[in-house]
Amino acid sequence: MLAALAGCGGGDGATAAQWVPAPPSAVPPSPTAPARVAKLTSACKLLSAEAVMKVLGPTSKTKLKARELPVDKSDGSVAYACSYGKDGQEPFALNVSTRPDRADGAQEAIDAIADAYDGSTPVEGVGAAGVGYVTDGGFRLVAIAVPYETDLRLVVFGGPKLVPQAKLVEVAEQVVAKI
């Protein structure tokens, strides 16, 4: 590569001094990560039904709808939830919560969830810490902790137990990138 940039090869007497880089306007801009949401206001705005269907592989007859659930402001955190389904069945759900002034507690929050569920498995490479688990009711969930400034944001996405954890993580990653 350096030889090509220096103009070597080809035997036409080209020298490094003859090589001229493309003007800045011709160089494509470097890709950047999407901007993170400063203030959470909705779970459904963070993850559309179409995005869920794209990852989970819908059939031609499948058309999920997203439904925002009431905001939960209990135990010092604020949680936004969205359910995804059709015809009165909502097998998938997203919960995104903010815990003020707890950014340094990501691993602690995930450990507490892991301790509550036998057979939990780590989710690695997404957020600061994560865990997957199955509830007694037969739902598989993934929880991922994401520090934001001084706050801790927790993303929980779940669906039926038959959905592989990797697919749930893939959906949750879309939210993690935004928050």
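The values are calculated or read from the model by the stated rules, or taken from the named source; none is laboratory data. The shown structure was predicted, so the numbers you read here are calculated from the model rather than taken from an experiment. Reconstructed Cβ throughout: ideal geometry from the backbone, glycine too, with neighbour counts over all protein chains shown. Calculation scope for accessible area: heavy atoms of the full protein, side chains included, ligands and nucleic acids excluded. Shrake-Rupley method; radii C 1.70, N 1.55, O 1.52, S 1.80 Å.
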Item to check | Straight-distance crosslink candidates among aspartates and glutamates, where the alpha carbon sits under 19 Å from K73 and sequence neighbours closer than 8 are dropped | outcome: D101, D151
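Leaving out ligands and nucleic acids, and using a 1.4 Å probe, what accessible area per residue does the range 71-179 come to in Å²?
For the range 71-179, the solvent-accessible area averages 49 Å² per residue.
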Next on the checklist: I need the peptides 147-155, 102-110 ranked by packing, meaning the mean over residues of other C-beta atoms within 10 angstrom, with the highest value on top.
Outcome noted: 147-155, 102-110
Checklist entry - Taking K178 as the anchor, which lysines have their alpha carbon closer than 21 Å to its alpha carbon, excluding any fewer than eight residues away along the same chain? => result K39, K45, K54, K65, K167
